[in-house]
Amino acid sequence: MGDLFSIRNTDGGLILIGADEKQDGTLIPTGLTEDEVGKMKKQFWDIINNRQKVSDNILTDKEVYPQQLDGSVILVVNVPRAHRERRPVYINGNIFSGTYKRNSSGDYHCTKEEVRSMLRDQGSQTVDTKILTGMNLSVLNPDSILAFRMNHRNTQLNHPWSNLTDEEFLIRIGAAAISDTDGKAHPTGAGLLMFGNEYEIVREYPNYFLDFREMVNDITEWTDRIWSTSGDWSGNVFDFYRRIVTRIVQDLKVPFRLEGLYRIDDTPQHKAVR
C-alpha cells in the first residue's frame, strides 16, 4: 500500500495487483480468481476509507477495476495525483513519518521541509503568487529585469507591454502585485525568485540554492560550475538560466557550412537550446 500513497503525492500512476514485473519491464500475470478480485477490492476500500490508516481517499470506484492480461485477471488501481489542496496524503495518523513520495521505482520518506512545502501550497494562494509585503521592488535586480524586457521586446515585437514602466510590466507578468494593505507594489514569490538578488531571496526562502556543474568524466569533480552564492552575479533563477544556456551555446560545435556566398553559423542544436 506504500506505493499508493507515494504515487498520490508525486505524479500519479498505475498499481497492478496479480502481476509480477520482470527486469526488462514485461508483466507476467500470476492470475486472480473472481473471488480473489472481489476480496482484494473490499480489503482495498476498507483500508483507504479508514482515516486511522489513510488521511484522505481521493479514489473513486471507476479507478479500481479488474482487467484481462494474457488470459488472466488482474486488479488495476489507477492512482491520480492528489491536488495540491489535498496533499500530503499520509498514513497511520502521522503527517511527518507517514508521508512518502515516489522516486524512480521506489518510495522514500518525505523530509519535514518537503511536508511543510506541501502544506504551504494547500492554500488558495500559491507560493508563487504570494505578495511579499515586507519587501519593495528595490530587492529585484534591475539588470535582470532589463535583460528580460529586452528578450521580451525581441520575441514579442510591438507588444503593448513594451511601453510600460518596469513596475507596470512586473505586475502584468505576475512578478509584482499591489497589496491591499498599503496600496503599493511589492514583489511576489515568483518575482523574487526570478529577478531578486540571492541575498534577498534567502531571506524569504532560506533553503534556496542553485548549482550547475559540468562533468567530463567520473574522475574529475567538475570542470565548470555556476552557483547562486558565488557573489559575482545576481543568483536569481532568470540569470541562472541565461548563464547556463550561454555556456552550453559556447560549447556547441559550429560546422563550416555555406549557403551561396554566406557562411551559416546557426545549427539545429543552437535552435533547440534557444
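Readers should treat all values here as calculations from the given coordinates under stated rules, not as data from a laboratory. It should be emphasised that the depicted structure is a prediction, and the values quoted were computed from it without experimental measurement. Cβ: placed from backbone, ideal geometry, glycine included. Neighbour counts: every protein chain shown.
Results, tabulated for the structure shown:
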quantity: Residues Arg51, Arg116, sorted so that the one with the fewest Cβ neighbours within 10 Å comes first; calculated: Arg51, Arg116
quantity: Net length gained if the chain between His152 and Asp232 were fully extended (0.36 nm per residue, minus Cα distance); calculated: 26.3 nm
quantity: Tyr108 paired with Tyr199, simple spin-label distance in nm, labels 7 Å along Cα-to-beta-carbon; calculated: 3.3 nm
quantity: In range of the label at His83: residues from region 113-129 whose backbone nitrogen is under 15 Å from the point 7 Å along Cα→Cβ; calculated: 121-126
quantity: In nm, spacing of pseudo-spin labels at Asp128 and Glu21 (7 Å Cα→C-beta vector); calculated: 3.0 nm
quantity: Residue exposure sequence - Phe195, Phe238 - by fewest surrounding Cβ within 10 Å; calculated: Phe238, Phe195
quantity: Restraint check, Lys22/Lys101; Lys41/Lys112; Lys41/Lys101; Lys22/Lys112; Lys22/Lys62; Lys62/Lys130, Cα-Cα greater than 31 Å; calculated: Lys41/Lys112; Lys22/Lys112; Lys62/Lys130
quantity: Long-range amide H partners of Asn197 with built H, under 5 Å; calculated: Asn141
quantity: Principal axis box of region 21-162, alpha-carbon based, largest edge first, Å; calculated: 67, 37, 29
quantity: Alpha-carbon gyration tensor eigenvalues x 5, square-rooted, for region 1-92, Å; calculated: 24, 16, 10
quantity: Over the chain, relative contact order from alpha-carbon pairs under 8 Å, at least 6 apart, %; calculated: 13 percent
quantity: Rg in Å to one decimal, and Dmax rounded to a whole Å, for region 159-228 via C-alpha atoms; calculated: 17.7, 56
quantity: Gained length - Glu36 relative to Asp211, 0.36 nm times residue gap less alpha-carbon distance; calculated: 57.9 nm
quantity: Rg [Å, one decimal], Dmax [Å, integer] - the chain, C-alpha atoms; calculated: 25.5, 78
quantity: Separation in nanometres of the label points that stand 7 Å from Cα toward Cβ, at Ile58 and Glu221; calculated: 4.1 nm
quantity: Ellipticity estimate at 222 nm from DSSP helix runs (n ≥ 4, -39,500 (n - 2.57)) divided over the chain, nearest 500; calculated: -9000 deg cm²/dmol
